[in-house]
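Values quoted throughout were computed directly from the atomic coordinates according to the rules given, and no laboratory measurement underlies them. Keep in mind it's a predicted model, so treat the numbers as computed, not measured. Cβ: placed from backbone, ideal geometry, glycine included. Neighbour counts: every protein chain shown.
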């Protein structure tokens, strides 16, 4: 059980805190382009997305929709919210209809208390898909816990899913290199380095203190309370009968690339691709690298994968 809890917490690390999106003044170590939660949500509206409410089994969910074209559902990680995708939304909305929900217990979505089983998050995702894309297939793009939720839904409802794109997706057993519930700023800095990767800005003391406070107040305990061993992907991966593309930060020090390769090996139809100079949350810290790779995957014909990038040409004379 201790090992299971450790892995669940990988999905419950408080993405928002580690992305420096607390509602406090921004430490100088963090670039101004990383917005506070309210500003991120406002950025979705600025990009043309509309906020609405969708009924779900555990209570109403806040959902943002907009854009044009095939439907792509973006699923955030634990501790996050729909606005975490704000840096990708303007480009994606020009080609795709976007559906972005606050997962249950996150953002403005119910429930406000009680356990949050991962399977219940998948059921809520299904309610969003039924409401916003009735009878049509969608593409699911999920980061960390959002990837796990997306794969669980795809295993149960392959007829509703065109493909799944997992961005550093969690959901299988593995030991982790850092404490996921930091009690002091040094532990918070080690965790931030593992999640963001060394190429991203790192927290100063003030932001590290905010990370400690945010994770302590976040949904991690509720996710652990809802833990069920049968929700882990070792029990469901073989049932995911749709193409899966795993886009993985080569600098992810929390769920390292070999974790992603192991997940890919469990899936019937998966392709794994490394993203250079990216950590665990590409949509926040390296969108300029993630976005082109994501466009390639989304443009692939239904039921297929994107062609892998061509290898570099050899130097003249070789």
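Quick notes
- Residues 245, 46, ranked from the fewest to the most other C-beta atoms within 10 Å, line up as 46, 245.
- If you run the Gaussian network model on the chain, springs between alpha carbon atoms under 10 Å, then out of 121, 176, 49 the most flexible one is 176.
- Within the listed set 104, 201, 182, the residue fluctuating most in the Gaussian network model of the chain (springs between alpha-carbon atoms under 10 angstrom) is 201.
- Helical runs (DSSP H, four residues minimum) scored at -39500 (n - 2.57) apiece and divided by the length of the chain put the mean residue ellipticity at 222 nm at -10000 deg cm²/dmol.
- With the convex hull constructed from alpha-carbon coordinates only, the stretch 69-140 shows a mean projected area of 4.9 nm² over all directions.
- Spin-label pair residue 173-residue 224: with each label point 7 Å from Cα along the Cα-Cβ axis, the two points sit 1.9 nm from one another.
- Most mobile of 135, 79, 147 in a GNM of the chain (Cα contacts under 10 Å): 135
- Summary value for the chain: 20 percent relative contact order, contacts being C-alpha pairs under 8 angstrom separated by 6+ residues.
- Modelled label positions at residue 274 and residue 94, each set 7 Å beyond Cα in the direction of Cβ, lie 3.1 nm from each other.
- Multiplying the residue separation of residue 186 and residue 216 by 0.36 nm and removing their Cα-Cα distance gives an extension gain of 9.3 nm.
- With a Förster radius of 51 Å applied to the C-beta separation of residue 113 and residue 241, the computed FRET efficiency comes to 0.90.
- A full extension of the chain between residue 50 and residue 250 corresponds to an added length of 68.6 nm, given 0.36 nm per residue minus the alpha carbon distance.
- Exposure proxy ranking for 252, 39, based on other Cβ atoms within 10 angstrom of each Cβ and starting from the fewest, stands as 39, 252.
- Annotation: the residues 75, 99, sorted from fewest to most other C-beta atoms within 10 Å of their own C-beta, follow the order 99, 75.
- Translational diffusion of the chain was estimated from the Stokes-Einstein equation, with Rh taken as the Kirkwood radius over Cα pairs; at 37 °C and 0.692 mPa s the coefficient is 170 µm²/s.
- With only the Cα atoms considered, the stretch 123-184 has a convex hull volume of 106 Å³ per residue.
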